[in-house]
1. Quick check: is even one residue across the stretch 103-110 more than 30 Å from residue 178 (Cβ to Cβ) and assigned to a loop (DSSP other than H, G, I, E, B)?
2. Could you grab me the full set of residues in the stretch 65-102 that are in a loop (DSSP other than H, G, I, E, B) and either out of contact with any strand residue (DSSP E or B) (no Cβ under 6 Å at 6 or more places or on another chain) or at positive phi (or both)?
3. Do we have any residue at all in the stretch 111-118 that's modelled with pLDDT under 95, within 16 Å of the chain's Cα centre (by Cα), in a loop (DSSP other than H, G, I, E, B) and surrounded by 19 or more Cβ atoms within 10 Å (Cβ to Cβ)?
4. Tell me the residue from 113, 138, 109, 122 that is in contact (Cβ under 8 Å) with a residue 12 or more places away in the chain and within 23 Å of residue 40 (Cβ to Cβ), please.
5. Identify all residues within the stretch 39-67 that are over 16 Å from residue 96 (Cα atoms), crowded, with 19+ Cβ neighbours inside 10 Å and touching a helix residue (DSSP H, G or I) at 6+ places or on another chain (Cβ under 6 Å); write none if there are none.
6. If I filter the stretch 157-193 down to residues being within 18 Å of the chain's Cα centre (by Cα) and part of a loop (DSSP other than H, G, I, E, B), which single residue comes out as nearest to residue 117 (Cα to Cα)?
7. Mind listing whichever residues of the stretch 12-38 are part of a strand (DSSP E or B) and touching a helix residue (DSSP H, G or I) at 6+ places or on another chain (Cβ under 8 Å)?
8. Of the residues 23, 36, only one is in contact (Cβ under 8 Å) with a residue 24 or more places away in the chain, surrounded by 15 or more Cβ atoms within 10 Å (Cβ to Cβ) and within 28 Å of residue 126 (Cα to Cα); which?
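The values are calculated or read from the model by the stated rules, or taken from the named source; none is laboratory data. No experiment lies behind these values; they were computed from the predicted model shown. FYI the Cβ positions are ideal-geometry reconstructions off the backbone, even for glycines, and counts take in every protein chain you see.
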């Protein structure tokens with residue numbers, strides 16, 4: 001099944017100054033959001049395979065949109081995350097079906113590698129609802145400088161029969177990180193943790 005996409009929104013957040021300190025190069029986070037029709041809206045189904053297939057499709061589409069918006073090569077992506085907001089005629093499990101079984105593999109392909117778990121969040125919400133997309137380093141979950149989140153919101157979604165699916169990708173960690181821990185340059189990238 002192919003996603004019935006009503007709207008695609010891509011936003012880039014660029015921080016150039018933090019606490020009076022210039023950030024050079026600026027830290028940039030891109031969020032790509034697809035507003036899709038929920039094929040299970042208004043009815044219970046034991047099988048959610050249509051949403052799993054849609055998740056697989058959107059992992060690649062949204063990941064590629066983020067990389068393109070940042071103007072980087074896929075291998076230059078540093079962190080990622082995913083989230084979904086389900087409209088009132090759906091259920092929370094619809095977000096899980098999109099986000100968890102198959103979205104990750106095409107997202108990892110869009111950003112090259114991605115040994116670490118893709119952080120995620122999900123919720124029910126109405127038109128204009130926002131969600132924080134959690135972020136973590138794509139190759140090593142223990143890199144503290146990349147623990148972050150970015151807000152995702154579409155002004156006219158989700159409608160009752162829709163789901164907003166968001167993927168976020170960054171070209172760096174937080175601006176001015178200084179809480180220690182594993183540094184990006186120390187990543188081995190073998191187990192997704194370190």
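1. So far as the stretch 103-110 goes, yes, one or more of its residues are more than 30 Å from residue 178 (Cβ to Cβ) and assigned to a loop (DSSP other than H, G, I, E, B).
2. Taking the stretch 65-102 as the starting set, the residues that turn out to be in a loop (DSSP other than H, G, I, E, B) are 71-73, 77-78, 87-91, 100-102.
Once the filter is applied, which keeps residues that are in a loop (DSSP other than H, G, I, E, B) and either out of contact with any strand residue (DSSP E or B) (no Cβ under 6 Å at 6 or more places or on another chain) or at positive phi (or both), the stretch 65-102 yields 71, 72, 73, 88, 89, 90, 91, 100, 101, 102.
3. Scanning the stretch 111-118, I find at least one residue that is modelled with pLDDT under 95, within 16 Å of the chain's Cα centre (by Cα), in a loop (DSSP other than H, G, I, E, B) and surrounded by 19 or more Cβ atoms within 10 Å (Cβ to Cβ), so the answer is yes.
4. 122
5. Of everything in the stretch 39-67, those that are over 16 Å from residue 96 (Cα atoms), crowded, with 19+ Cβ neighbours inside 10 Å and touching a helix residue (DSSP H, G or I) at 6+ places or on another chain (Cβ under 6 Å) turn out to be 63, 64, 67.
6. Ranking the qualifying residues of the stretch 157-193, first place goes to 192.
7. Selection gives 12, 28, 30, 31, 32, 33, 34, 36.
8. 36
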